[in-house]
1. Can you give me the number of residues within segment A:108-142 that are open to solvent by 30 Å² or more (accessible area, probe 1.4 Å) and over 23 Å from the mean Cα position of the chain (by Cα)?
2. Inspect all residues belonging to segment A:69-79 and state whether any of them is open to solvent by less than 20 Å² (accessible area, probe 1.4 Å) and at the interface with chain B (Cβ under 7 Å from one of its Cβ atoms).
3. When you look at A:Asp211, is it within 14 Å of another protein chain (Cβ to nearest Cβ) and within 16 Å of ligand 1 (Cβ to nearest atom), yes or no?
4. Looking at A:Gly94, A:Gly62, which one is at the interface with chain B (Cβ under 7 Å from one of its Cβ atoms), open to solvent by less than 10 Å² (accessible area, probe 1.4 Å) and in contact (Cβ under 8 Å) with a residue 12 or more places away in the chain?
5. Give the residue, chosen from B:Ser197, B:Ser179, that is touching a residue at least 12 places away in the same chain (Cβ under 8 Å) and under 25 Å from the mean Cα position of the chain (by Cα).
6. Quick one: is A:Ile162 in contact (Cβ under 8 Å) with a residue 24 or more places away in the chain and in contact with a strand residue (DSSP E or B) (Cβ under 7 Å, 6 or more places away or on another chain)?
7. Hey, can you tell me all the residues within segment A:97-115 that are facing another protein chain (nearest Cβ under 9 Å) and either over 19 Å from A:Asp137 (Cα atoms) or of a type in the set (A, V, I, L, M) (or both)?
8. If we scan segment A:107-128, do we find a residue that is within 16 Å of ligand 2 (Cβ to nearest atom) and not charged (D, E, K, R)?
Amino acid sequence: MEHKPVQINRNNAVIHIQNLRKSFGALTVLNGVDIDVFQGENMAVLGRSGTGKSVLIKIISGLLKPDSGIVQVLGEEVDKLNAEELRALRLRIGFSFQNSALYDSMTVRENLEFPLVRNKPNLTRQEIDSAVEEVLDNVGLLQTINQMPAELSGGQRKRIGIARTLILKPEIMLYDEPTAGLDPITSVEINSLINEVREQYNTSAIVITHDLTCAKTTGNRIAILLDGRFLAQGTFEEVFAVDDERIKNFYNYNFTGDKVDY
Amino acid sequence: MNTSNEDASAVPSKKYVLSKKADDFFINIYRVYKFIARFFKEAFVPPYEWKEIIRQCYEIGYKSLPLISLTGFITGLVFTKQSRPSLETFGASSWLPSLISIAIIRALAPLVTALITAGKVGSNIGAELGSMKVTEQIDAMEVSATNPFKFLVVSRVIATSVMVPILMLYTGFVGMLGSFLNVYANEQTSFKAFFQSAFSTISFLDISSSVLKSVLYGFTIGITGCYQGYHASNGTQGVGKAANTAVVVSMFLIFIEEMIVVQFVNAIR
Ligand SMILES: Nc1ncnc2c1ncn2[C@@H]1O[C@H](COP(=O)(O)OP(=O)(O)OP(=O)(O)O)[C@@H](O)[C@H]1O
Ligand SMILES: [Mg+2]
């Protein structure tokens, strides 16, 4: 992939979230989340397990409904859309799942075709094939085209999952823990894939992670989620310069292996 | 489009109208009702998932054949063998073919087919959709702007509703063959004479009501399996539970439906 400098447009928030709250029964998960993601920007969201990172992007993609607050994606309030409008919005959002969520009864090719043929029914067989091959090539896995998901490694599954969302040429990418469970070398490859996707497809993205290396290499800005709200937002250096015990702990745990006491 | 993710917060928590159990029961009935309503809303609106419907018909029909053949044949054979002594006491063993054919077409074939399909296909659907649900494959379809309900649920329910009646006719035929074997061994009745005598007592109403109730059983098996799978939770444990509940609930419903249909058909006969 060729690299082009990407402009971040600070006047255009593709995702705008204000005072978002979400509980499940008695469990409050998000408690007043505010965040803006600008056009062309990768926002890394850090937070320990169970803080509601996945819930946040599920709300952004309309899989879960917020209890209250504003959730605007590409100018539309997600929870106010009807089924048809939501479908149209989802065409512009790519969602890479924490566990890849590949369709395990289908081959890699069928996985990639699935969203394409249903959303663009007028494509010819040739156009479908070349679109599939193009995205597979972009994630470097053209050779797996006829394999079943069960035959792939964790890193390969992540890439195929990303390819499956890229095939619809989304404007926003939501990555849920793209490097979780992968070895450091594969993680580095996934990190550079995320950056390449940003450059080549012109996406804005939220990258959810608890891996600081991933946050540092992919995030133009980072934000730390703790106790249902964002504790700090800014560049990597800005956030970790903040004098807060909990942020320091986070940093130490990742880079020095010190015991963490939240 | 979002109903696959009805989370706990969609249901008012804390305060119960009756008690937790009773409230859950009625909430469940309401959800089943909505699930069925959604099926009818989406089943008749294009685009149709023809390829998937045909694939499911093949899976459900073809793969059940060996078990259905065996069960149907043995049911016919054993039922004839066991009925023979009581008819012979009245010197009426020549009535065997017509007695058996009525029993098979009116009751045995539909029930045997439905119960076997519930066990084999219902559990399969529950487990398959359940594992797709807990591994977020259904969510993945949803966020890629496709319609998982149409692809997964509508195609399976149509396939079971179409295939169970066809399998039922096949079971009936195989059951009669089993019965013929016993009759032939005892009375050397010819194939033609056996079937002539067997079909002389069967009316159009017998066959059509059995076909119609098999459509109902097939629909029940498909909807129950899909509902359980589509609402599975709690990881792999939930998948097993979905498969198991799918079988138990659909068998229970099939017996209740059978009782109602029998009353109804006897009233118009
Ligand atoms: N559909 C749901 N129904 C009920 N509770 C839920 C649901 N989804 C998430 N939760 C709860 O919300 C909390 C946050 O979950 P979430 O998956 O967002 O965590 P996370 O930050 O992504 O953690 P991880 O890093 O482990 O993925 C958890 O306690 C979880 O049990
Ligand atoms: Mg998560």
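1. 11
2. We begin by selecting, within segment A:69-79, every residue open to solvent by less than 20 Å² (accessible area, probe 1.4 Å); these are A:71, A:73, A:78.
Of the ones still in play, those that are also at the interface with chain B (Cβ under 7 Å from one of its Cβ atoms) are none.
No, segment A:69-79 contains no residue that is open to solvent by less than 20 Å² (accessible area, probe 1.4 Å) and at the interface with chain B (Cβ under 7 Å from one of its Cβ atoms).
3. On the way: within 14 Å of another protein chain (Cβ to nearest Cβ): no; within 16 Å of ligand 1 (Cβ to nearest atom): yes.
No: the conditions fail for A:Asp211.
4. On the way: A:Gly94 fails: at the interface with chain B (Cβ under 7 Å from one of its Cβ atoms).
Being at the interface with chain B (Cβ under 7 Å from one of its Cβ atoms), open to solvent by less than 10 Å² (accessible area, probe 1.4 Å) and in contact (Cβ under 8 Å) with a residue 12 or more places away in the chain holds for just one of A:Gly94, A:Gly62, which is A:Gly62.
5. Numbers: B:Ser197 fails: under 25 Å from the mean Cα position of the chain (by Cα).
On inspection, the qualifying residue turns out to be B:Ser179.
6. Working: in contact (Cβ under 8 Å) with a residue 24 or more places away in the chain: yes; in contact with a strand residue (DSSP E or B) (Cβ under 7 Å, 6 or more places away or on another chain): yes.
Answer is yes for this residue.
7. Looking only at segment A:97-115, we keep the residues that are facing another protein chain (nearest Cβ under 9 Å), and these are A:97-105, A:114-115.
Selection gives A:Phe97, A:Gln98, A:Asn99, A:Ala101, A:Leu102, A:Tyr103, A:Asp104, A:Ser105.
8. No, because not a single residue in segment A:107-128 is within 16 Å of ligand 2 (Cβ to nearest atom) and not charged (D, E, K, R).
The values are calculated or read from the model by the stated rules, or taken from the named source; none is laboratory data. Just so we're clear, the structure is a prediction, and the values are computed from it rather than from any experiment. Neighbour counts run over all protein chains shown; Cβ positions are idealised from the backbone, glycine included. Side chains are part of the model used for accessible areas, which takes the heavy atoms of the whole protein and leaves out ligands, DNA and RNA. Shrake-Rupley method; radii C 1.70, N 1.55, O 1.52, S 1.80 Å.
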